[in-house]
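All of the numbers you see were taken from the coordinates with simple rules; none came from a lab. What you see is a predicted model; the values in this text were computed from it and never measured. All Cβ positions, even for glycine, are placed from backbone atoms using ideal geometry, and neighbour counts span all protein chains on display.
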Amino acid sequence: MPESASFRRHLRFIAPEAISSLSAIGPAADVFSWGMAAVDLINGKSESGTLSTGDSDGAEFFSTVYAHSTRPLPPLTDFHPSMTPELAEVVQRAVSLDPEARYNSFSALIYDLNQVKQICQGTLRGAARTQFTVGHIDQQSRFALPPGLLDREEEFAMLEEAYQLVKSTGSSQVACCWGTSGSGKSKLLELWARQKERDNAGQDCFVGWAKVS
């Protein structure tokens, strides 16, 4: 099958970011493909893309690609009012045009699908069903410790004050950082000094730090 015909046939299942060479491709692209397949299963039909496999002019081709990348899927419950709302929300999340709004991994998607399965079977109901939030596990799975140190703004401000004094007067300054062992003193000074080295490339004044043992 010619490449253009194959692209037309499978365009429906291609994540929007996979069409643009400027966007990074991650697991969310596969989640999108799964979501579109799920839409076909829910609708009870299989579609072979949003363009015919025959020839079409360039304007129609690019117009269709643009629409595929910018028009969100209508709510499934508009066409299936009796559909389990949680299932509709899972699929809608999977086919979001924004990869950051989709599931970050299939593990999180499968977790929500298992919850939806229990809802459909009637084993997850009442308060337990109310407490279930689509995408909650996905959001938790994205947690990462922030870089750097937390709640050290006051210490950074004091170091900055000493730095500005040296920079403006040309005199030397010694700043002593005191604290209990393991409280992050060395890390604080290291981060601050390295940031100054990057910002100034050594042109303003010399910054050095040492740990007294």
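Give me the one-decimal nm value for the distance between modelled label points at residue 160 and residue 139, 7 Å along each residue's Cα-to-Cβ direction.
3.1
May I ask you to sort 181, 107 by Cβ crowding, counting other Cβ atoms within 10 Å and putting the fewest first?
181, 107
Can you pull out the trypsin sites (Lys or Arg not before Pro) in region 127-174 whose DSSP state is coil and whose Cβ has at most 13 other Cβ atoms within 10 Å?
Within region 127-174, the qualifying trypsin sites (Lys or Arg not before Pro) (loop, at most 13 other Cβ atoms within 10 Å) are 142.
Can you sort 34, 178 so the residue with the fewest Cβ neighbours within 10 Å comes first?
178, 34
Which order do the peptides 87-93, 160-166 take when ranked by the mean count of other beta-carbon atoms within 10 Å per residue, highest first?
The most tightly packed comes first, giving 87-93, 160-166.
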